[in-house]
1. Determine if segment 31-50 includes at least one residue that is among the aromatic types (Phe, Trp, Tyr) and over 20 Å from the mean Cα position of the chain (by Cα).
2. Could you check residue 122 against (1) at pLDDT below 95; (2) surrounded by 14 or more Cβ atoms within 10 Å (Cβ to Cβ); (3) touching a Phe, Trp or Tyr at 6+ places or on another chain (Cβ under 8 Å) and say which number it fails?
3. Which residues, taken from segment 233-255, are in contact with a Leu (Cβ under 8 Å, 6 or more places away or on another chain), outside any helix (DSSP H, G or I) and within 21 Å of residue 190 (Cα to Cα)?
4. State all residues of segment 16-32 that are within 16 Å of residue 104 (Cα to Cα) and surrounded by fewer than 19 Cβ atoms within 10 Å (Cβ to Cβ); if no residue qualifies, say none.
5. Quick one: which of 192, 207 is surrounded by fewer than 16 Cβ atoms within 10 Å (Cβ to Cβ) and among the small types (Gly, Ala, Ser)?
6. Which pairs have Cβ atoms under 8 Å, sit 6 or more apart or on different chains, and link a residue in segment 224-235 that is at pLDDT 95 or above to one that is among the basic types (Lys, Arg)?
7. Consider residue 90 against the criteria (1) surrounded by 15 or more Cβ atoms within 10 Å (Cβ to Cβ); (2) closer than 29 Å to residue 222 by Cβ: it satisfies all of them except one. Which criterion is unmet?
8. If residue 108 passes every condition in (1) outside any helix (DSSP H, G or I); (2) touching a helix residue (DSSP H, G or I) at 6+ places or on another chain (Cβ under 8 Å) but one, which one does it miss?
Amino acid sequence: MSARRALDALLGGLVDYAGLFPPAAVPMPDAVSAYARYVVGPECTKLGRFIVPVARLAELVAAVDTLPPEWAPGSNAPWRLSVLASAQDSGALQAFDPGHGGRLVIDTVEAKAESVGEIEALGAALGRRYVVYTEISPRVDPVSLVAAIRAQGFRAKVRTGGVVMDAFPSAAQVLRFLVACADARVPFKATAGLHHPLRGEYALTYAVDSARGTMFGFLNLFLTGVLLHSGAPRAELIALLEERDPRTISADDASIRWRSLAATTAQIASARASFVGSFGSCSFEEPLGELSTLTLA
């Protein structure tokens, strides 16, 4: 795939590496070694944060300590961590930050909440020290929860899949979440079930006998977010979330187009800066490798 400025604007820092989590669930030393390679690899501009549960921070430090000097973080820039935590973990988060020699920095926290009260408790515990993504269920009306997220200065997170089909929301539910975030001017990120660029039928895990199901495409999701941010007609965007035909999407230096809708490179950059975040994936190579095989006119 040739370089295209519009596509580069969409993909920059888009993939947070979640190799510790299913379906990959690789051991910590392997995940750390993989991330170290990605940081200096040819696709490094597309790499986001290393995602780790708060309970495994000490294990992460120990694995980083075993890296060869040329792979170790801190020589050029620290590794940015996104830590899965709760309101009860604020002490552990703050205790971690000092004393790591500029190698590892927690700049993002991801936490779940099911009510306005739980979001307020997160605000009281975490304050404005970190970028906080609050995961809410797309299966409930998100308006009041997104409003509470905005009131705390947080961002929203949506789970778009899992290792069983029951974990996948509908396209209408995902669009409802995106619209609520856009209306409240709350940035979002996504996680789970986004290993492929386009919507389609895929294996749900890496097991040879894995069940298959309909999964969202990360290109569908984030182009929908960009077009929503740019003022595209909302009624048309559910069809983009469900689009399976790569021939309907094209990209060049000036824009990315889907059917009759387009977002300029400047609009993409603006959306990425203020609305469209990243997605967590247990594989960094799979989504980008598959994207490279698509012919985007």
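The values are calculated or read from the model by the stated rules, or taken from the named source; none is laboratory data. The structure presented is a predicted model; accordingly, all values stated were derived computationally and were not measured. Using ideal geometry, Cβ is built from the backbone for each residue, glycine included, and neighbour counts are taken over all protein chains shown.
1. Kept after step one, since they are among the aromatic types (Phe, Trp, Tyr), are these residues of segment 31-50: 35, 38, 50.
Adding the requirement that they be over 20 Å from the mean Cα position of the chain (by Cα) leaves none.
Checked segment 31-50: no residue is among the aromatic types (Phe, Trp, Tyr) and over 20 Å from the mean Cα position of the chain (by Cα).
2. Evaluating residue 122 over (1) at pLDDT below 95; (2) surrounded by 14 or more Cβ atoms within 10 Å (Cβ to Cβ); (3) touching a Phe, Trp or Tyr at 6+ places or on another chain (Cβ under 8 Å) leaves (1) as the failure.
3. 243, 244
4. 28, 29
5. Values: 192 fails: surrounded by fewer than 16 Cβ atoms within 10 Å (Cβ to Cβ).
It is 207.
6. Matching pairs, first to second residue: 226/272; 228/234.
7. Residue 90 satisfies every listed condition except (2).
8. Looking at each condition in turn, residue 108 falls short on (2).
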